[in-house]
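The structure appears below as structure tokens.
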Amino acid sequence: MNKQIIECVPNFSEGRDLTIIKQITDEIEGVEGVTLLDVDPGKATNRTVVTFVGEAEVVIEAAYRGIKKAAELIDMSRHQGEHPRMGATDVCPLIPISGISMLETVAYAKKLAERVGNELEIPVYLYEEAATKPERKNLATIRSGEYEGFSQKIIKPEWIPDFGKAVFNSKSGATVIGARDFLIAYNVNLNTKSTRKANAIAFDVREQGRIKRKGDPISGEIERDDQGNPLRIPGSLKAVKAIGWFIDEYDIAQISMNLTDYKVTSVHQAFEEVENKARERGVRVTGSEIVGMVPLKVMLEAGKHFLSKQGRSVGVPEEEIIHIAIKSLGLNELSPFIPEKRIIEYAIRKEQTKKLIKMNLREFANETSSESPAPGGGSVASYVGALGIALAAMVANISAGKRGWEEQIEMMSETAAQAQVYKDQLLDFVDEDTNAFNQVMTAFSLPKNNDAEKMFRNEAIQNATKYAMEVPLKVMETALASMELISAMAENGNPNSVSDAGVGALCARTAVRSAWLNVKINAAGITDQDYVNNALARGTKILQKAEDYEQQILAVVMKKIG
């Protein structure tokens, strides 16, 4: 059964006292199975955004402990900050990541809210997908009036909390708990201190827009519909909430946005639209900041967007795409944007399983030449295949930038992008082949003191050996698939780089033949003959296709270079 993984992003009303923040995050990290991804305190807002992930049950336990500790340490009657807030734990959203539906996430949000309301005696409101009433779906509506107005708000019949008593908790305020899709908190920096200018730009772009007035857009009479409701001029960006504010800490004004659906309005679209609207008002954008974590997809889309605007290929390594995104969005202006800490997928991946590809060339060669049996031929085969398709990506990128080939940029860029996918897969296999070998060694080291232990050991050896055979088969398949792109670059790429395509073909075929040796040697240790026969048949077909492909590509290469 797939694990139900959710993310939790509580916002605590303390961003200045690091000892208080540390005590709260210690409570969260104290729950086994929780991974703390990010802690992002803000002095001006006096608010800290904490991000952690894990299986649903442990996440809501960690969230409860964090909320409880915040209630003990934070006194809302003394709190001041730029950001709207109504409680010590102001808002606590749960976000489905994998193996869990939104409906199931809502159930966990309600479970957490009930416990906070009953056990901590904190009034709790449910919002977004967990909202019990349409008017409570929007966080801003619930938080309207903030902490200072809450003592009067909570006694109104329409604002009875979903959980907890309808009694003002002067120390902890109230908390909003819910379930939502991934939200990106994104701020754009301006070269002005004017909050009025910043707000004007925010009204220009946010979906809600601004109230329509007769004459002067600020002091003019409000225009209303037949029912007396104010008419609005919608903003230019869908699924965006925005306000303008001044940040004392940085001595600048910002447009503070929540991108509630980044698939509708992306970070780079929001950035460029704010740039346009700011320019119309005589203001310049100087950079931006992402608050908390961001999905890898968001950064890759931004990087590719800016590469395309430059007329460059998007088929460059992932690291370069991320670098372009950071530079283009100005994410380093106020503080360093460190991808390993700010991109969700980077923060939760297990780097210890990717030891080899983190080595430099000398370290990898030295490790291979040591007395240890791994890395061995399988890892080297994968790396040779990665180098082969990397050459094809290089030819595509050189061709995309060739003067007079402008009409081929899109095709070459797509080829280079696909080549990067194959390259990354083959690089992953460098470590995976060594991991597979180590699993076989671990299986052989299992005890065999009685019949039960012998049976368990034998089964473990067979399973591990099958996997050690499956990995080089995948290397063969991937290297063969890469040869189609190598062939295309030999035929259609920059003729000055045709020899590079030829070397790529030789590397790809070498990867296939080398991985085939690993398939064969592992086959000898497997007793399931049907499995072995099927695997060998797969490998034989791949080997023959790779050798035919190599000859075709080399024929093209030799013809071009004479």
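We did not get these values from a lab; they are worked out from the coordinates using the rules stated. Not measured: the values here are computed from a predicted model. Cβ placement follows ideal geometry from the backbone for every residue including glycine, while neighbour counts extend to all protein chains displayed.
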Taking a cut-off of 19 Å between Cα atoms, list the aspartates and glutamates near residue 327, but don't count ones fewer than 8 places away on the same chain. 272, 273, 275, 289, 301, 318, 319, 340
Can you sort 341, 156, 197 so the residue with the fewest Cβ neighbours within 10 Å comes first? 156, 341, 197
Quick one: net charge of residue 166's neighbours, Cβ under 14 Å, K/R +1, D/E -1? 0
Could you tell me the calculated FRET efficiency between residue 233 and residue 165, based on Cβ-Cβ distance and R0 = 56 angstrom, to the nearest 0.05? 0.85
In whole angstrom, and with the biggest value first, how far do the Cα coordinates of the stretch 184-348 range along each principal axis? 56, 33, 33
Would you mind checking the pairs 68/297; 3/358; 133/197; 133/156 and listing those with alpha carbons more than 25 angstrom apart? 68/297; 3/358; 133/197
Treating the beta-carbon of each Lys and Arg as +1 and of each Asp and Glu as -1, no other charges, what is the dipole magnitude of the stretch 184-348 about its Cα centre, to the nearest 20 debye? 440
Calculate one ³J(HN,Hα) per residue across the stretch 261-277 by plugging θ = phi - 60° into the Karplus curve 6.51 cos²θ - 1.76 cosθ + 1.60, and present them in order as whole Hz with x for glycine and proline. 8, 5, 7, 8, 10, 7, 4, 5, 5, 4, 4, 5, 5, 5, 4, 5, 5
Could you give each residue of the stretch 23-30 its phi-based ³J(HN,Hα) in whole Hz, using Karplus coefficients 6.51, -1.76, 1.60 with θ = phi - 60°, and x for Gly or Pro? 5, 5, 5, 5, 4, 5, 5, x
24 Å Cα-Cα reach of residue 448 towards lysines, excluding residues that sit fewer than 8 places from it in its own chain: 466
Cut-off under 5 Å, modelled amide H: who pairs with residue 127 long-range: 177, 178, 179
Non-local residues with an amide H under 5 Å from the amide H of residue 100, with H modelled 1.01 Å from N and Pro and chain starts lacking one, are 5
Charge-dipole axis of the stretch 5-179 as Lys and Arg at +1 and Asp and Glu at -1 on Cβ define it, positive-most pick from 154, 41, 100: 154
Relative contact order of the stretch 5-179, please, whole-number percent, based on alpha carbon pairs below 8 angstrom and at least 6 residues apart. 26
Among the aspartates and glutamates, which have Cα under 13 Å from the Cα of residue 22 when same-chain residues fewer than 8 positions away are ignored? 14, 38, 40
Rounded to the nearest 0.05, FRET efficiency between residue 275 and residue 300 (Cβ-Cβ, R0 22 Å) equals 0.60
Tell me the Kirkwood radius of the stretch 5-179: reciprocal of the mean inverse pair distance over distinct alpha-carbon atoms, in Å. 15.7
Sites residue 32 and residue 333, calculated FRET efficiency, Cβ-Cβ separation with R0 30 Å, nearest 0.05: 0.20
What dipole magnitude, in Debye to the nearest 20, does the stretch 5-179 give about its Cα centre under +1 on Lys/Arg Cβ and -1 on Asp/Glu Cβ? 620
Neighbours of residue 32 by Cβ distance under 15 Å: Lys/Arg at +1, Asp/Glu at -1, summed charge -4
Per the charge dipole of the chain (beta-carbon charges, Lys/Arg positive, Asp/Glu negative, Cα centre), the residue among 552, 254, 86 reaching farthest to the positive end is 254
Quick one: of 520/541; 304/423; 454/474; 241/277, which pairs are farther than 20 Å apart, Cα to Cα? 454/474
Pull out the extension gain between residue 121 and residue 545, defined as 0.36 nm times the separation in residues minus the alpha carbon to alpha carbon distance; nm, one decimal. 145.7 nm
Phi to ³J(HN,Hα) by Karplus 6.51 cos²θ - 1.76 cosθ + 1.60 over the stretch 245-254, Hz, x for Gly, Pro: 8, 9, 10, 4, 4, 10, 6, 9, 9, 9
Cα centre as origin, Lys/Arg/Asp/Glu Cβ charges: the chain dipole, Debye: 960
Would you please state which residues of the stretch 506-534 a label at residue 446 would reach in this model, taking the label point 7 Å out along Cα→Cβ and a backbone N cut-off of under 14 Å? none
For residue 208, list long-range residues whose amide hydrogen, built 1.01 Å from N in the peptide plane, is under 5 Å from its own amide hydrogen. 235
